[in-house]
């Protein structure tokens, strides 16, 4: 049964993808055809429809549309420039300060918007012209922006951990949020080392006017309201004032007030378009989640996860070998599949494997999100890679050479997260979440 199900499921799924069928419909169709092989067609269709609806019938998943809307408000709210000014205030005359500012800006803005594409567009759109004007190599500037845009997928609040929580069968969202902090900052720091060394070698040091106390205070004051969003959400969750789902609603209200009334960068007439965009994105994500629930049922019914677990453990019982193999698979998957469907499809497959070798589900969730985030900046289909190149007005081949040192640094950070549990579990443990 397992072999037949695997062949039909995999071949049909990738065939439909190759025919440009949307991911959600590819998942539903391949899962439905597979289950009909083993059940009465009418019963198989009934079960599939039931799982499609029940898969999104979750209080936790209410956070997804709210965080998407908050991200849309943040992306349109003129926040990027204020965060860039704050980063420049501290980095100043450090070699490569503009590149380092780009990295810091991506980390801050990415965590607020929850989107690597939004960070690459908003921060890169501001920083690339400034770096070009200061004599920076354009390929280096674009590579710096691309390599660090996905950091916000690890630094909370992020939808990726909410989706993983649903796919894993109930891993704590609050714990996952806290577990992502250190790996996210590690990714940013690793890229900062690369940028600093390259900039020092090339002599990228900017000259600027002496900062006055008034300018410093104004820069900090302008950025504080944006950064308070993270403090309010994380503080509220940890203190027990609201759940992660309720925090998403608070994030929307705060982002609306900040963008419309404080910064006044969004007009009331623009709210309709923002709501429509958020609704469209939510529909896509929720349909994928529902479709993946059908797939999860098929996987469970046919025993595929257990078969794959036995197969992998049969190849080797060495924890290092198994984790390296999973990392390679996820890195490949991330190059052609979006975060949400990849999490929903591969979590039920690999989670039994890693738990059998003693890995905590929280650590695995962070490792998985980090892997799939790397895929967004990797050819041939990396979404952030192509958006970053478009923002910089460069061809992918002109940027790839400069991206290689960043890839090395990011993969090194990934290996630390994979093989040193403390990077993911120490902070949640200190906060009493584990």
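The values are calculated or read from the model by the stated rules, or taken from the named source; none is laboratory data. All values reported here derive from a predicted model rather than from experimental measurement. Here the Cβ positions follow ideal geometry from the backbone for every residue, glycine too, while neighbour counts run over all protein chains shown.
Listed here are the residues, each with its yes/no results for (1) closer than 21 Å to residue 372 by Cα; (2) surrounded by 20 or more Cβ atoms within 10 Å (Cβ to Cβ).
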{"position": "153", "(1), (2)": "yes, yes"}
{"position": "174", "(1), (2)": "yes, yes"}
{"position": "177", "(1), (2)": "yes, yes"}
{"position": "187", "(1), (2)": "yes, yes"}
{"position": "198", "(1), (2)": "no, yes"}
{"position": "205", "(1), (2)": "no, no"}
{"position": "215", "(1), (2)": "no, no"}
{"position": "227", "(1), (2)": "no, no"}
{"position": "237", "(1), (2)": "no, yes"}
(request) Give the range 1-57 a look and list any residue that's free of Cβ contacts under 8 Å to residues at least 24 places away in the same chain, within 14 Å of residue 290 (Cβ to Cβ), part of a helix (DSSP H, G or I) and under 26 Å from the mean Cα position of the chain (by Cα), or say none. (result) 26
(request) Among the candidates 188, 199, 149, 174, single out the residue that is within 15 Å of residue 74 (Cβ to Cβ), at pLDDT 85 or above and out of contact with any strand residue (DSSP E or B) (no Cβ under 9 Å at 6 or more places or on another chain). (result) 149
(message) Please go through (1) touching a helix residue (DSSP H, G or I) at 6+ places or on another chain (Cβ under 6 Å); (2) assigned to a helix (DSSP H, G or I) for residue 189 and return the number of the only condition it doesn't satisfy.
(response) (1)
(request) Please work out which one of (1) part of a helix (DSSP H, G or I); (2) within 30 Å of residue 418 (Cβ to Cβ); (3) modelled with pLDDT under 80 is the condition residue 332 fails and give its number. (result) (3)
(request) Report the residue count in the range 302-319 for those that are farther than 30 Å from residue 38 by Cα and out of contact with any helix residue (DSSP H, G or I) (no Cβ under 7 Å at 6 or more places or on another chain). (result) 3
(request) Only one of these is in contact (Cβ under 8 Å) with a residue 60 or more places away in the chain and part of a helix (DSSP H, G or I): 217, 229. Name it. (result) 229
(message) Looking at the range 218-225, can you tell me whether even one residue there is modelled with pLDDT of 90 or more and exposed (fewer than 15 other Cβ atoms within 10 Å of the Cβ)?
(response) no
(request) Go over the candidates 230, 274 one by one and state the one that is at pLDDT below 85 and out of contact with any strand residue (DSSP E or B) (no Cβ under 7 Å at 6 or more places or on another chain). (result) 230
